[in-house]
1. Mind checking the full-extension length gain between S32 and D95? Use 0.36 nm per residue of separation minus the Cα-Cα distance, one decimal, nm.
2. Of A113, G212, P195, which is farthest on the positive side of the dipole of the range 80-216, counting Cα position, with +1 on Lys and Arg Cβ, -1 on Asp and Glu Cβ, and the Cα centre as origin?
3. In what sequence, largest accessible area first, do E252, E101 appear using a 1.4 Å probe?
4. State, to one decimal in nm, how far the label point of D17 lies from the label point of A227, with both points 7 Å from Cα in the Cβ direction.
5. When the chain is fully extended, how far beyond the present Cα-Cα distance does L265 get from M116, taking 0.36 nm per residue of separation?
6. Where only protein heavy atoms count, and the probe is 1.4 Å, what is the accessible area per residue for the chain in Å²?
7. In whole Å, what is the distance between the alpha-carbon centres of the range 246-273 and the range 34-57?
8. Using every alpha carbon pair in the chain, what percent of pairs falls into each 10 Å bin from 0 up to the bin containing the largest distance?
Amino acid sequence: MPGQRPLGPPIHSFFLDHLVTVKGLRPASVRSYRDTIRLLLCFVAKDKGTKITKLNLEDLSFERVLRFLRYLEDDRANHIRTRNQRLAALHTLFDYVASREPEMLRVCQQVAAIPMKRAAPAETHFLERDEVEALFRHLSRAGRLALRDRALLLFLYNTGARVQEVADLRAGHLELGEAALVRLHGKGDKWRTCPLWRQTAELLAEPLTRSGIYKIVRRHAGHLDDARTRRRVSPHIFRHTAAVHLLEAGVEVNVIRGWLGHADLTTTNRYAEINTRAKIEALRNTEPPGSSAGPRPRPVWKSDETLLNWLASL
């Protein structure tokens with residue numbers, strides 16, 4: 001129909017020109033946008049009853065975006081946090097479309113006005129100190145990969161690094177001298193320096209992939225899963241564990257913030273909220289006179305296929 005604009009060119013430009021060139025996003029962030037846009041394109045095509053390659057900008061209506069968000073929650077059973085993450089990506093996409101296609105401004109403004117849903121913060125799980133000690137005590141010291149696996153787990157616990165930060169680690173990021181340290185490339189293209197224990201520095205081996213890191217952690221620490229608290233041990237659990245144990249050791253919260261690479265101190269403060277040992281100690285300190293505390297408890301768009309393959313290649 002006259003006046004209709006194919007959807008392919010702006011989507012292509014959004015990824016290559018806007019996300020990569022202008023915003024300078026890292027590959028992992030680009031893939032997150034890709035997953036959302038791919039879901040949106042498939043949904044809109046099915047909703048309209050056409051092929052993805054036949055879609056036009058005008059097909060991205062406000063009503064369809066609302067139906068897409070309901071589809072995420074109702075049909076895909078996405079958590080509210082996942083729904084909000086997808087919506088944030090859509091806000092960025094429609095903001096970009098508004099800057100290129102003034103005729104779409106009204107729709108883009110309507111999408112921009114869709115609010116995030118309130119969701120309770122995700123429960124933070126961590127390992128107690130005795131669990132960590134037992135984990136390392138029972139790690140095998142024999143076998144071709146034993147040294148690598150021990151080094152990985154110790155590095156996760158030492159640094160509290162995100163799994164992608166570990167996967168991106170290169171030899172040039174390490175200084176293994178007297179005062180050993182590592183430079184970690186974190187979110188927002190920010191670098192931070194983290195000190196290393198001598199044992200960690202001595203064990204460090206070659207960098208690993210995200211999936212490889214996850215498999216190693218599950219193989220050695222999966223037995224520490226806790227069905228009662230729904231704790232499933234993953235590489236990120238070591239990040240939480242490092243934060244809680246630093247807090248228990250009396251490290252100031254601003255130091256922990258820099259250690260973990262948090263942009264907002266509020267993120268770091270949540271560890272104080274879940275530090276049960278600190279709460280128990282505080283309760284003891286306020287016991288009335290004469291009371292005695294009991295024992296301490298243990299706390300491209302030529303075809304649908306090529307377009308989707310292109311998105312998958314990002």
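The values are calculated or read from the model by the stated rules, or taken from the named source; none is laboratory data. Everything numeric in this text was worked out from a predicted model, so none of it was measured. For neighbour counting, all protein chains shown are included, and Cβ atoms are generated from backbone atoms with ideal geometry for every residue, glycine included. The area values use the complete protein model at the heavy-atom level, side chains included, leaving out ligands, DNA and RNA. Shrake-Rupley method; radii C 1.70, N 1.55, O 1.52, S 1.80 Å.
1. Extra length available between S32 and D95 comes to 21.0 nm.
2. A113
3. E252, E101
4. A separation of 5.5 nm, rounded to one decimal place.
5. Stretched out fully, the L265 to M116 stretch lengthens by 51.5 nm.
6. 56 Å²
7. Centre-to-centre (Cα) distance: 42 Å.
8. Result, from short to long distances: 5, 21, 26, 21, 17, 8, 2, 0, 0 percent.
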